[in-house]
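All of the numbers you see were taken from the coordinates with simple rules; none came from a lab. Keep in mind that what you see is a predicted model, and the values were worked out from it rather than measured. In this analysis, Cβ positions are derived from the backbone assuming ideal geometry, glycine residues included, and neighbour counts consider all displayed protein chains.
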Amino acid sequence: MSTYNFHGNINGPAHMGDHGRIEVNVHEPATEPLVRLAEGLIEALRAEYPVLVPHGEAVHGALMESVGDGGPPNRGRIRSALETISIGAAAGTASLAFTQQFMQVLGL
């Protein structure tokens, strides 16, 4: 087991994808903070993993569909896209941080 001594303060957010607490009722339509989180995920994917952008867009699309029809987000579609992203995104990347935050918020 190894440990790292940084010899000083470490500045920056604890979680790159942590943009405040988002409360979600899985039986209600997607909210604006959740849609913004999806937009952040897409931006991170464009910068880090362009090949995974369609999966981020699938998450965003499912949320926008929810907003449009007033029903709950399609959790199966979102889960599938997030699982694909989590397989392709390396540890410590913003893409994975956003993915993990989505999974936590949606209870996936």
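Observations on the structure shown:
- Top positive-direction residue, dipole computed over the stretch 24-108 with Cβ charges, set L108, P50, I78: L108
- Given charges at beta-carbon only (K, R positive; D, E negative), |dipole| of the stretch 32-106 in Debye: 180
- Take 84-96, 37-49 and order them by the average number of nearby Cβ atoms within 10 Å per residue, most first; the result is 37-49, 84-96.
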